[in-house]
Structure formats: C-alpha cells, structure tokens
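Here is the structure we will look at.
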C-alpha cells in the first residue's frame, strides 16, 4: 500500500475507508483482488533458492491477506499483524509463541471460555502451568509473578461480566518481571482501545465479530509490537495457521463501515442498558459505560467508547428456578436470536455459563443474560426484552 498517502489521513472513518490498499497497485480498482493461491512461481533457480521475492507460498500471505494486515497495523500501530482462521486461533498464537514446557502463564479469570479450555487442556498437556487471577487485581498481580512466568493474558472487558482491567498497571508489573502481555481486545476494537499504547505486547481480535460485522466470517487477527513480533511470526509460519483470502477480503470490506457501525451499536446499547436499570426483573446491568458499573471510572480513563455487548442479571433469588427463568426469558424473544458470537448486524441473547470461574465469581442475584445489541430499532428491541422479562416473571 502507499503509506505516504494513508498516513496523512487523520479521521478514523477516513482511515477505515482507505487503509490497507493502494488502488494504483492493482490497475485502479478500489478493492484489492481476492488472490487464491498455494503455489507461487519463481523466475529462476537462484531466486527460489534464496526465497528472495515478496510471495513464496500461499501460507505465507497473499496480496489479499496483506491488505487486511496492513489496515489492522495502521489502526493498532503494530509492527506486524497476522491473519488467522478464527478468533480462537488468534488467541492460541501468543501462548504457543511465548511459552515452553516448564513455563508459567497468568490468565484473567473472566476470560473467554474457549481460551480457558485451551489453557486447561492443551497447555497443561505440554507442561505449561496456568494460574487464573482476579480481573480487578491491577498492580496487585505482582505476588502472582514467578521466575518462570513468561506471559500475562488479559481481556477487557471480561467475557459475560465485563470487568475492566487496569491494563497499564498489569503491563508495568509484567514487564518488570520479564514477562510479555497479550490482550483479547475484541470488544473494544482498536477504535475504542489501542492496546499497544497501554503496554500490551500482543493484541488479538476475533475478526469474526465487529471487524467483519455481518455474521458470515470466521477470522482472527494477532498484532504485536517490535519486541513480540519475531516470535509471533515464527510460530505462525511454523504452524501454517493462515486465514483464507475470501474471509480476509470480506473482513476488509466490513472494516470500511466499522466506525459508523460501532457508533450505532454503542448508542443503541447504552440507551437500552440505561432503560433496563431498575426495571422489574432486572437485578443489575453489567455495562462498563454505565455510571453504576463498578469499573466505570477505569473504563472512562482508558477507553474511547463502548460497543453493543453487555449483560443483565435477572432478579431470581430462588437458585432452583434460575435456569427455568433464564430459559423462559430467552424463549419469549422474537427479534433477538439465540446464538453464540456477536458483533454482527443482528441482536442476539444467550444464558451465560459462568461455572468455570475460580476467583471472579458470578453475580449472586440471578442468572446472567448476555445481550448483543444489533442494528435494529431500539424501540423494537426494548419491546422484545420486556416480553422476555414478563415471561421470566410468569415462569
């Protein structure tokens, strides 16, 4: 891409519209081509022996994946970005890049469920020890650091319960002990939180979600600063975990509208979250941008905005009835779909399973319902939520 052109563009939506491609490099076409490739031909034997050309094999990147990587680099301020086949693959890459048998990792207890499964099953099978820590620990993480702690994994806000971590304080402690810091930053995207500016070494996105934005892509990105980039790239190359050109192209197309989509998600979700506070049947609303949220001040200090994902805690004091009440709420919904993932144009709801927590325990008031607020009209979504709440009370 033509960096001399794009680096002069200041506004985020302008940058999103132009990042990652120079039309002049492909005959003036606005969008980069979708390059399907495994084999790449070399002009002569000397070149193939030295591998001295930009593209050498499909798993090492194509013009399509490079266009997306360049756009993410511009948003993140990273030394490099890798395109992977899913968000979970992107999560796994820093662990596999940094850790060896006998090493120790610290992982936030409010982490994405599949990340925990990867740590508990795969990492421990290879002799890597994992300790889960309280998401609110901040600089208090220091006593948990060991001589063999090589990686601290963060996620903010936390999955399902949206705890805000003091990333700067954690990174300062980790670096003082010679450890690197990785962050799953899918919720905020680089528009609302630039992780590398806060001391993170590797930042991860499930591009499946907001970056692609239309519930039709599986893709992940992993970006790194100069210190972490060589190991990240080497492991990626060794594993061949490359994202597809079609999904890369679709994600790059979704990136163009990310700014305006996030603004709509943010405004709609906040309006709904505020309306739900104090509503009968709702014990608590877990949304970092609400003044009532425990981590609100930290969110306000570090984040440039909020997105469309938050949770509500149903008011169900009888433990034996929590599951049936949650199911009644979900089954009454007509606009909200019942399904995993988020970040698409459609609203979704799911009963959050928090049974795997070890130190960041679930809310005591009742079951947690995670809501993804899509692009529908707020008034229609509120009617649907109230329909669910009425059904839960009647169950």
Only one of (1) without any contact (Cβ under 8 Å) to a residue 40 or more places away in the chain; (2) out of contact with any strand residue (DSSP E or B) (no Cβ under 9 Å at 6 or more places or on another chain) is not met by residue 302, so which one is it? (1)
Does at least one position in region 111-130 carry a residue that is in a strand (DSSP E or B), closer than 24 Å to residue 368 by Cα and either assigned by TED's automatic domain parsing to the domain that holds residue 204 or without any contact (Cβ under 8 Å) to a residue 12 or more places away in the chain (or both)? no
Residue set 72, 12; condition in the same structural domain as residue 152 (by TED's automatic domain parsing) and modelled with pLDDT of 90 or more; output residue 72
Residue under question is residue 208, and the condition is that it be touching a residue at least 12 places away in the same chain (Cβ under 8 Å) and either outside any loop (DSSP other than H, G, I, E, B) or in contact with a strand residue (DSSP E or B) (Cβ under 6 Å, 6 or more places away or on another chain) (or both); does it hold? no
Residue 231: more than 19 Å from the chain's Cα centre (by Cα), closer than 30 Å to residue 97 by Cβ, assigned to a helix (DSSP H, G or I) and not assigned by TED's automatic domain parsing to the domain that holds residue 370, yes or no? yes
Which residues, counting only those in region 157-184, are in contact with a helix residue (DSSP H, G or I) (Cβ under 6 Å, 6 or more places away or on another chain) and free of Cβ contacts under 8 Å to residues at least 60 places away in the same chain? 169, 170, 173, 181, 183
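The values are calculated or read from the model by the stated rules, or taken from the named source; none is laboratory data. Everything quoted here is computed from the prediction, not taken from an experiment. Note that each Cβ is placed from the backbone with ideal geometry, even for glycine, and that neighbours are counted across all protein chains shown.
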